[in-house]
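Asks: I am attaching a structure below and will ask some questions about it afterwards.
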Amino acid sequence: MTIKNILIVDDSKTEQLYLSQILSSEGYAVQTASDADEAQKLLSFQRPDLILLDVVMPGQSGFQFTRFLSRDPVYGNIPIILCTSKDQETDRVWGLRQGARAYIVKPVQKNDLLEKIRAI
């Protein structure tokens, strides 16, 4: 699968900007959303090749949104990388059980992020 378009879902504008700059500098087209509701609206218009998703957000958590997307026949094949400050092993395991393909702990290291994307 070739990844070209990435949707970043994070309630932190600073984190959105940081991740967008990393990805844009590598040639990816990037869209951002501040929460699961905004992301879901964007998904109805354009389907990204990958979703980079925070866990701790207002409204639906990243875990809940991952579970919803991975079980939905329309969105289930969009890979999700959880990108979060939650660094416990139980969080990582839970996120992957919800349907995420990878799990990255903040602060995100550019090489780690790009490696995870290329592995999908």
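Bear in mind these aren't lab numbers, they're just calculated from the coordinates by the rules spelled out. Just so it is clear, the structure is predicted and the values come from calculations on it, not from any experiment. Note that each Cβ is placed from the backbone with ideal geometry, even for glycine, and that neighbours are counted across all protein chains shown.
Asks: Roughly how big is the chain's charge dipole about its Cα centre, with Cβ charges of +1 (Lys, Arg) and -1 (Asp, Glu), in debye to the nearest 20? Each step should come with its number before you reach the end.
Replies: On the way: 14 positive and 15 negative charges, 67 e Å.
Charge dipole of the chain: 320 debye, to the nearest 20.
Asks: Another question, if that's okay. With charges only on Cβ, +1 for K and R and -1 for D and E, what is the dipole size of region 62-116 about its Cα centre, in debye, rounded to 20?
Replies: On the way: 9 positive and 6 negative charges, 19 e Å.
Approximately 100 debye in magnitude.
Asks: OK, next. Dipole of the chain (Lys/Arg Cβ +1, Asp/Glu Cβ -1, origin at the Cα centre): which of S61, I78, I22 lies farthest to the positive side?
Replies: The listed residue farthest towards the positive side: I78.
Asks: Quick one: order V93, V30, V9, V55 by neighbouring beta-carbon count within 10 Å, fewest to most. Before the final figure, lay out the partial values.
Replies: Numbers: V93 11, V30 17, V9 27, V55 23.
Result, fewest neighbours first: V93, V30, V55, V9.
Asks: Does region 1-58 classify as rounded, prolate or oblate by the C-alpha gyration tensor (a ≥ b ≥ c root eigenvalues; a/c under 1.5 gives rounded; else a/b over b/c gives prolate, otherwise oblate)? Kindly include the intermediate steps, with their values, before the conclusion.
Replies: On the way: a/c = 2.12, a/b = 1.17, b/c = 1.82.
Oblate is the answer for region 1-58, as a/c is 1.5 or above yet b/c matches or exceeds a/b.
Asks: Let me ask another. If a/c stays under 1.5 just call it rounded; otherwise compare a/b with b/c (prolate if a/b is bigger, oblate if not). Do that for region 5-120, with a ≥ b ≥ c from the square roots of the Cα gyration tensor eigenvalues. Intermediate results must be reported in sequence, preceding the final value.
Replies: On the way: a/c = 1.28, a/b = 1.05, b/c = 1.22.
Note, shape of region 5-120 comes out rounded.
Asks: With helices defined as uninterrupted DSSP H runs, which ones in the chain have an alpha carbon span along their own long axis of at least 15 Å and mean Kyte-Doolittle hydropathy of at least -0.5? Present the calculation step by step, with values, prior to reporting the outcome.
Replies: Values: long enough: 13-25 (18 Å, -0.22).
Flagged H segments are 13-25.
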